[in-house]
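The structure appears right after this line, and notes come after that.
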Amino acid sequence: MRHLSALAATALVIMIATPVAAGSPSTVYVALGDSLAWGDGASDPASTSYAALLSDYFAGEPHGGAKQYLNLAVRGETTSSYLVGGQAAAAINAISDPTTDTRTVTLSVGGNDLLDLLNEPTDPCVVNPASATCQGLVAIAMSTVAANYPAIMASLSAALAADLGPEKVFVLTLYNPFGGTSSGFEGVVDIGLLGADLMVDCTALSNPMNIGLNDLVACISGAFGAIVIDGYTVVGDNALALTHIGDPGFNIHPNDDGYAAIAKAHRGADRGH
């Protein structure tokens, strides 16, 4: 996810190394995705983003023992740019490094596929989100995610299958940045994320009306064995408290409290597995 006016994407790579015994592979936590994984909106992305907060947790032996933290996230990433812009290749290269043992991967990507429709005041989905033009654009975005997400998960799964030891993959679904704001976008985004049934239900996808972005992210990544983090519930109707949506500039990203809540959801899901 990103500032709605942002057009350029930059990558943040953080590596925190600790000494390991000679000949022993370095254990690694790899964070992948968009500006949520990068930490946009955090007071200090290197320490208060959800990925940074999780790096200490995943370093603990009961939680994977990943002593190094590598953040390859790219601000503004979409599912398409992830596959062709370099992040997918970087992830595979990092996981396939024979000197490392990837223990944990977190992923947050897909939100920009929809939010790209809300960048400018003249965008059809800003002018009238209920219009036929907007709904057509949403349908195209959904089709793109439906095609790209299996490729994203397959590439990660193949690389991890060839890596040393066991791993866990966590995939974050998207929150509604207008949740609880009474904005005209709130209900429309709910449907975009959850479908007409307003829930993630992998058994109800035979009806196209029930397919939202989070259905695609959760059902596809879950089929690959990923642990799905319910980002929608994390924020719920508390977007004003947990994001910057109420600040000038229409910033949809989490604040430090929001990132802490997302990190907490990851820890809880990990302990449940």
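Treating the angle as unsigned and between 0 and 90°, give the value, to the nearest 10°, between the Cα long axis of helix 132-161 and the longest Cα principal axis of the chain.
It is inclined by approximately 10 degrees.
Around D101, which amide H atoms from residues at least 5 apart in sequence, or from another chain, sit under 5 Å from its own amide H, with H modelled in the peptide plane?
Under 5 Å from the amide H of D101 lie the amide H atoms of S26, T27, V28, each far enough along the sequence or on another chain.
Around A66, which amide H atoms from residues at least 5 apart in sequence, or from another chain, sit under 5 Å from its own amide H, with H modelled in the peptide plane?
Close amide H contacts, sequence-distant or interchain: A59, G60.
Expressed as an acute angle from 0 to 90° and rounded to the nearest 10, what is the orientation of the C-alpha long axis of helix 50-59 relative to the principal long axis of the chain?
30 degrees
Per residue of segment 217-230, in order, report the coupling 6.51 cos²θ - 1.76 cosθ + 1.60 (Karplus, θ = phi - 60°) as ³J(HN,Hα) in whole Hz, putting x for Gly and Pro.
With coefficients 6.51, -1.76 and 1.60, one gets 4, 5, 6, 6, 5, x, 5, 8, x, 6, 8, 8, 9, 7 Hz.
Determine the relative contact order of the chain: mean sequence separation of Cα pairs under 8 Å and six or more apart, normalised by residue count, in whole percent. Display every interim value, and only then the final one.
Numbers: 548 pairs, mean separation 59.4, N = 273.
Once divided by the residue count of the chain, the mean separation gives 22 percent.
Using θ = phi - 60° and the Karplus relation 6.51 cos²θ - 1.76 cosθ + 1.60, list the HN-Hα couplings for segment 257-273 in order, rounded to whole Hz, with x at every Gly or Pro.
Per-residue couplings from phi come out as 5, x, 5, 5, 5, 5, 4, 4, 5, 5, 4, x, 5, 4, 5, x, 10 Hz.
Give the long-range amide H neighbours of V228: residues separated by 5 or more places, or on another chain, with amide H under 5 Å away, using H modelled in the peptide plane at 1.01 Å from N.
Those qualifying (amide H under 5 Å, at least 5 residues apart or on another chain) are V171.
Mind ordering 106-113, 86-93 by average Cβ neighbours within 10 Å, highest first?
Details: 106-113: 28.4, 86-93: 17.1.
Put in order of decreasing packing, that is 106-113, 86-93.
Contour minus end-to-end for I140 and A46, with contour as 0.36 nm per residue of separation and end-to-end as the Cα-Cα distance?
Details: separation 94, 0.36 × 94 = 33.84 nm, distance 3.47 nm.
Once the chain is fully extended between I140 and A46, it gains 30.4 nm.
Show me the ranking of peptides 184-195, 166-177 by mean Cβ neighbours inside 10 Å, starting with the highest.
Working: 184-195: 19.2, 166-177: 24.0.
Top of the packing list down: 166-177, 184-195.
If you count the DSSP beta bridges with both ends in the chain, what percent of them are antiparallel, to the nearest 5? Mind dumping the intermediate values first?
Details: 3 of 22 bridges.
Here the antiparallel bridges make up roughly 15 percent for the chain.
A short reminder: the numbers here are calculations on the coordinates, not readings from a lab. Every value quoted in this text rests on a predicted model; they were computed, and no experiment measured them. No Cβ is skipped: glycine too gets one built from the backbone with ideal geometry, and neighbour counts run over all protein chains shown.
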